[in-house]
Amino acid sequence: MIERFLHHVCVEQPGPEETAAGARLRLADKFPRTALRRMTHLGLLLGSALDGVALGPEDAVVYASTFAETRSLEDFLLSFPAASPLLFQTSIHPGGVQQVLIGRQQPVARLWPHAGRARLVEQALLSALLEPAPRVVLVGGEERGSWMLEHHAASARSFAFAAILTREAAGAAGRLSYLPGDTPDDTCPSLENLLEALAEHHPLGWHGAGGVWALEWI
């Protein structure tokens, strides 16, 4: 069995009408003013979920998102034919968690970005469990889309989460484990399912990636 223990767990679930501009007003005190204007909605939500977490250069980061900065791209395209330089900048900005690390001028040992749909959660959790760093920061999230929703190319809601995974059981809030075994795959939880489990401290369990997964709360 491979396992890690959850310590810091934080989620961001803004209201359905919140925009990037609204998030900048709500979360302004959490970011340097020089970085705030250039951050995407997802970057702001991830930064808020990581607020108060001191990262070190020996830590590793695992990042998961299906659509990433889709809303930022939508907003830039809608600014045509007078294309907005600021919206162009945010549409090609580094990914959400990279925005947070750049704003903090924070180096980390390794960054493992994952994008996908059906098995995204398994991919990210395998990276977190197999990462050799003693402390792994697991983060993920989405930006709520608008017109790209009808093309199934955007998330229906905005959210972000962050969790610190270590091998230390003392003081942990929960435990993530994987037991290799010859079992048929179940439907993998979605990124939104993982968010809800972290927010409500609900257990998760399924078969996938050639083994049995369990998220339990202590």
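The values are calculated or read from the model by the stated rules, or taken from the named source; none is laboratory data. Here the structure is a predicted model, which is why all the values come from computation and not from measurement. In this analysis, Cβ positions are derived from the backbone assuming ideal geometry, glycine residues included, and neighbour counts consider all displayed protein chains. Accessible surface areas use protein heavy atoms only, side chains included; no ligands, DNA or RNA. Shrake-Rupley method; radii C 1.70, N 1.55, O 1.52, S 1.80 Å.
Would you kindly identify the helices (runs of 4 or more DSSP H) lying entirely within the range 19-60 that contain at least 2 residues that are charged (D, E, K, R)? Steps first, answer last, please.
Working: elements: 20-26, 33-36, 41-49.
Here the list reads 20-26.
Among the residues of the range 155-180, which ones are touching a Lys or Arg at 6+ places or on another chain (Cβ under 7 Å) and either surrounded by fewer than 22 Cβ atoms within 10 Å (Cβ to Cβ) or under 13 Å from Arg4 (Cβ atoms) (or both)?
Step one: list which residues in the range 155-180 are touching a Lys or Arg at 6+ places or on another chain (Cβ under 7 Å), which gives 155-158, 164-167, 176.
Within the range 155-180, Ala156, Arg157, Ile164, Leu165, Thr166, Arg167, Leu176 meet the criteria.
Report, by residue number, each residue of the range 68-105 that is among the hydrophobic types (A, V, I, L, M, F, W, C), open to solvent by 50 Å² or more (accessible area, probe 1.4 Å) and either modelled with pLDDT of 75 or more or in contact with a Ser or Thr (Cβ under 7 Å, 6 or more places away or on another chain) (or both).
Leu73, Phe80, Leu87, Ile102, listed by residue number.
Is there any pair with a first residue in the range 17-41 that is more than 12 Å from Gln99 (Cβ to Cβ) and a second that is open to solvent by 60 Å² or more (accessible area, probe 1.4 Å) whose Cβ atoms are under 9 Å apart and which are 6 or more apart or on different chains, and what are they?
Cβ pairs passing all conditions: Glu18/Arg26; Arg24/Arg37; Leu27/Asp51; Lys30/Asp51.
Output the residues belonging to the range 191-215 that are in contact with a helix residue (DSSP H, G or I) (Cβ under 8 Å, 6 or more places away or on another chain) and aliphatic (A, V, I, L, M). Reasoning before the result, please.
Kept after step one, since they are in contact with a helix residue (DSSP H, G or I) (Cβ under 8 Å, 6 or more places away or on another chain), are these residues of the range 191-215: 191, 193-194, 202-204, 208-209, 213, 215.
Leu191, Leu194, Leu204, Ala209, Leu215 - these are the residues of the range 191-215 that are in contact with a helix residue (DSSP H, G or I) (Cβ under 8 Å, 6 or more places away or on another chain) and aliphatic (A, V, I, L, M).
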